[in-house]
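The values are calculated or read from the model by the stated rules, or taken from the named source; none is laboratory data. Predicted, not measured: the structure shown is a model, and the values here were computed from it. With ideal geometry, Cβ positions are generated from the backbone for all residues, glycine too; neighbour counts draw on all protein chains shown. Note: accessible area is taken over every heavy atom of the protein model, side chains too, but ligands, DNA and RNA are not part of it. Shrake-Rupley method; radii C 1.70, N 1.55, O 1.52, S 1.80 Å.
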Amino acid sequence: MSKTKDGAEKIKRPKKKHSKLIALLLVLLFIIALAASYVAYNIFVLNKNFTVTFYQVRSLKISDNIRVVELADLHNKEYGAKNEQLVKRIQSLKPDLIFYAGDMMNYKVDDYSVLFDLSDKLCKTAPIYACFGNNELDQYLFRDKTFKDKMKEHNINILSNEAADIEVNGSTIQLIAISEGRDQFDVKTNNAQKFLNSLEPTDNCRICLTHYPELFCEYLLNRGIDIAFTGHAHGGLIRIPKVGGLYSGGEGLFPKLTEGVKTVDDGTQVVISRGLGDSTKIPRINNQPELVVVDICWY
Amino acid sequence: MEEDYNNNIYLKRKRENLYKRTVRKIFSPLTNVIDGINSDFADRSYARKALISMLKLRTPILVVLVLVLTVAAGWFFIKSESSATTEMSLNYEESAKGLNPNSTRFNAYDFASQEVVENMLAYAGIDKKSVDVNSIMRSISIRPTNAKAFSEDNYYISTSYRITLKKPPEIKDMSAKDLLSLLCKAYKDNLYSKYTENRSILDFDIDEFHDDEFLQIADLLDLKAQQIEKYLNTRAKQNKTFTEQESDESFKSLAQKVEDLRTYDISKYRTFVIQAGPSYDKAKYTKALSYVNLIKGIDYKKDMAAYDVRNDGIKLYDESMISVVMIPSIDKSKSTYYMAKTKTGMDYMAGQADDYLLTAQETSKEIATNEDIINKMNASTNSAGNIQKAKDMINDIRRKFTELSKQIELVDKAYVKYRTKDYVTFKNSNPSIKQKISLDTLITLAALMLAGIFAVIWLRLRYFSGGDRDEGVSTLTLPLQR
């Protein structure tokens, strides 16, 4: 037993052996609780609502600004009864055009009421133009040959490897829509490839509507496209700050084209929507569903 | 009554004791450590003892610090998401003089004007009644980026500004960054529509003339073509070589096209209208022209009278007296007097007489033209075929005008972009994680917390250590409550 300076005996206090471990566990528990709360907040709050993202792109080929609202990857999801919230928000944005960038419904689900109810309401706000996503294309090719006609009946101007000249705010834009994904492009009988090769050069602003952003890494380069509207990547499902999306079906792990406006090698401005719905059970984390609004400005 | 009172006192004391015991139980390990150090290091100063206590208690202190700082970092991060900043650069020549592109005074605070903010809300699809527009206006901060702009000695007109917007809490489904981008768009739209070159001359709708007589339409078309031609020639003077790449058109080539339209199509139309005399109401129109001539006749007489009066006045003076008049003047640069030859009242009168004569001659010419038109119209037959032909000619001119307008607009927009290299550009500043969690504030907060803990321990050691255990509970709570 040690002694103090004045000779008194110093009593050693018994040390608590696991205090550090308990403290560490407490901190760890706190961090896990925080992370769990964040995941729960994403699943039960953020993913049940959508955010509106605004982008501005430029085209000198138009004479007045054009506003486009892009919907992608809805996968039959509903925001409010019959997508009331979505319709109301789109109406408030006063778009000149509404684009569906594919996967608005699910393959093998023959009830199209979500898509058609939505379109019946939205067509009163602005004309709707759509391209096929992988879900719609499979449904059309392998399950329901009348699907395309049904879409037209519900005021959806569906374009599949086709072009259309549209007059908006005093400008003519050439809208082209590509149906096939990267896997089909290599096939010799590919319709999209044939369609692209048959396109004549134009002085008008050429806008491309396709579900697959990854096509702009190769197949859709140097095709005279000014602006493109895409989806498919679902924002990379889990978004890591400073890194971006974790995974997308078209690009695999750590995909590059998952959200925002990217200017690719030939100068095309590619708008990528994170989408409005889900097709897998993996929840979106830090990746709220979004409605994309693009103002195409002349200046 | 007394029994109730005693019961209440008893219950109150019981509650107080329970509270004291709970606090003592929670803090007893910490107070034991502090008390132990006080007795173990009795010869050391209280400050040293407090430091040693803190070292001994490092684990709980660290846990508290981590928890508090994590919560604070999260709070700062969320707070940072509710505001966004961008840097605006003015890239046109006049900006260095504090002017807009059309040479009106530039005001950076237009950014926070009601019109711009309301447009921003409209672009965002937000009903302006659902938010407080004034509070949004107040939440926009505009600062020149160049520090010299603030100095009175080095007066400097800034051409770049830092704009910060705090997102109102009632706007929920969009980010502050997006709201700021829409504010920038609203500002740009405002700038381009109000303060850049006035291009309204190019917005031409021929249908606005449909109520006018055919001959009046010819005058109006000619006037419009002249205005457009003048606009194009002004542009051509600014840049003679500019050519729009896709259409391969220049301002000069477009001005020539407008000139061709005037001298060929509009002239041809006018000649036809005068010769064939189509009219919706010939009698009314010729009567109107006669009335115009009557008024013009009066104007002519007035102008000639004014000319004669001035001429007579001049003749009354001896020309030799007024040919040269010297008046004393000052040369300010040399501060000396000199005699200058200057104009007199007679010179002005002579100039005015010339002007009146010229105006009278022009009026006379117009009267003669109108008389000629009246005679030709009276002599012509106002057939339905002629009216239809005149309408067809107008439609043809309309088509050519529309085509030309499109070309002019395309070239003009390309030129604006080329000349200004974007009047206004915005560069969004993306704050780093360090800035988002406000690392400096967190470090300060950590230091303050450590200092606070040190102070509490020091007070505990200095004033409240030792004594009766039961008393110790009440004394222990005091410093901790501070």
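Numbers for the structure displayed
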| read-out | value |
| --- | --- |
| Percentage relative contact order, chain B, counting C-alpha pairs under 8 Å, at least six apart | 23 |
| Whole-Hz couplings from phi, Karplus 6.51/-1.76/1.60, listed for the stretch A:203-218; x for Gly and Pro | 7, 6, 5, 9, 10, 10, 10, 8, 6, 9, x, 5, 5, 7, 7, 8 |
| Label-point separation, B:ILE295 to B:MET137 (7 Å along Cα→Cβ), nm | 4.4 |
| Mean-position separation - Cα centroids, the stretch A:105-174 and the stretch B:1-72, in angstrom | 70 |
| Expected-Rg normalisation [2.2 N^0.38 Å, Cα atoms] applied to chain A | 1.34 |
| Nearest-ten-degree value, helix B:58-81 long axis tilted from longest Cα axis of chain B | 10 |
| From phi via Karplus (6.51, -1.76, 1.60), per-residue ³J(HN,Hα) for the stretch B:48-54 in Hz, x at Gly/Pro | 5, 4, 5, 5, 4, 4, 4 |
| Farthest positive-ward along the protein assembly as shown dipole, Cα basis, beta-carbon charges - from B:ILE298, A:PRO201, A:VAL45 | A:VAL45 |
| q = 0.06, 0.07, 0.09 Å⁻¹, the protein assembly as shown: log10 I(q)/I(0) [Debye, one scatterer per Cα] | -0.66, -0.81, -1.06 |
| Of A:LYS256/A:LYS281; A:LYS48/B:LYS166; A:LYS256/B:LYS128, pairs whose Cα-Cα distance is over 29 Å | A:LYS256/B:LYS128 |
| Residue order for B:ASP265, B:ASP43 - accessible surface, 1.4 angstrom probe, largest first | B:ASP43, B:ASP265 |
| Low-density loop cleavage sites - trypsin sites (Lys or Arg not before Pro) in the stretch B:385-466, where at most 14 other Cβ are within 10 Å (DSSP) | B:LYS421 |
| 16 Å Cα-Cα reach of B:LYS365 towards lysines, excluding residues that sit fewer than 8 places from it in its own chain | B:LYS296, B:LYS301, B:LYS302 |
| Neighbour-limited loop hits for trypsin sites (Lys or Arg not before Pro), the stretch A:16-79 (at most 14 other Cβ within 10 Å; DSSP other than H, G, I, E, B) | A:LYS16, A:LYS17 |
| The stretch B:345-432: radius of gyration over Cα atoms, expressed as a fraction of 2.2 N^0.38 Å | 2.24 |
| Rounded tilt (10° steps) of A:113-122 against the dominant C-alpha axis of chain A | 70 |
| ³J(HN,Hα) computed for each position of the stretch A:138-148 - Karplus, 6.51 cos²θ - 1.76 cosθ + 1.60, integer Hz, glycine/proline x | 5, 4, 5, 6, 10, 10, 9, 6, 8, 4, 5 |
| Angle between chain B longest axis and helix B:267-276 axis [Cα atoms, degrees, rounded to 10] | 50 |
| Long-range HN-HN contacts of B:VAL424 with modeled amide H, under 5 Å | B:ASN91 |
| Cα-centre dipole for the stretch B:92-196 with unit charges at Cβ (Lys and Arg positive, Asp and Glu negative), debye to 20 | 180 |
| Accessible surface buried upon A-B contact (total; probe 1.4 Å; Å², nearest 100) | 2900 |
| A:LEU46, B:LEU294, B:LEU179, ranked by accessible area, largest first (probe 1.4 Å) | B:LEU294, A:LEU46, B:LEU179 |
| Carbon + sulfur, % of accessible area of chain B - ligands and nucleic acids excluded, 1.4 Å | 54 |
| Qualifying lysines (Cα of each under 28 Å from Cα of B:LYS400; at least 8 residues distant if same chain) | A:LYS61, B:LYS224, B:LYS230, B:LYS237, B:LYS240, B:LYS252, B:LYS257, B:LYS268, B:LYS389, B:LYS391, B:LYS413, B:LYS417 |
| Average Cα contact separation per residue, the stretch B:206-420, under 8 Å, 6 or more apart, as relative contact order % | 30 |
| With DNA, RNA and ligands ignored, accessible area of B:SER89 (1.4 Å probe; Å², nearest 10) | 40 |
| Inter-site label distance for A:LEU199 and B:SER89 at 7 Å from Cα along Cβ, in nm | 3.2 |
| Electrostatic dipole magnitude of the stretch B:1-126 [Cβ: Lys, Arg +1; Asp, Glu -1; Cα centre; debye, to 20] | 1300 |
| Dipole-positive endmost among A:TYR212, B:SER141, B:ASN119 within the protein assembly as shown (Cβ charges, Cα centre) | B:SER141 |
| Cleavage-rule hits (trypsin sites (Lys or Arg not before Pro)) in the stretch A:200-274: DSSP loop, at most 12 neighbouring Cβ within 10 angstrom | A:LYS242 |
| Å² per residue, accessible surface of the protein assembly as shown at 1.4 Å | 56 |
| Residue (of B:ASN7, B:PHE242, B:GLY98) at the positive-pole extreme of chain B, dipole from beta-carbon charges | B:ASN7 |
| For the stretch A:42-61, residues shielded by at least 50 square angstrom of accessible area compared with the chain on its own, probe 1.4 Å | A:PHE54, A:GLN56, A:ARG58, A:LEU60 |
| Accessible area of chain A belonging to carbon and sulfur atoms, whole % at 1.4 Å probe | 55 |
| Magnitude of the charge dipole, the protein assembly as shown, Cβ model with Lys/Arg +1 and Asp/Glu -1, debye to 20 | 5600 |
| B:TRP75 accessible area, assembled protein chains, probe 1.4 Å, Å² | 150 |
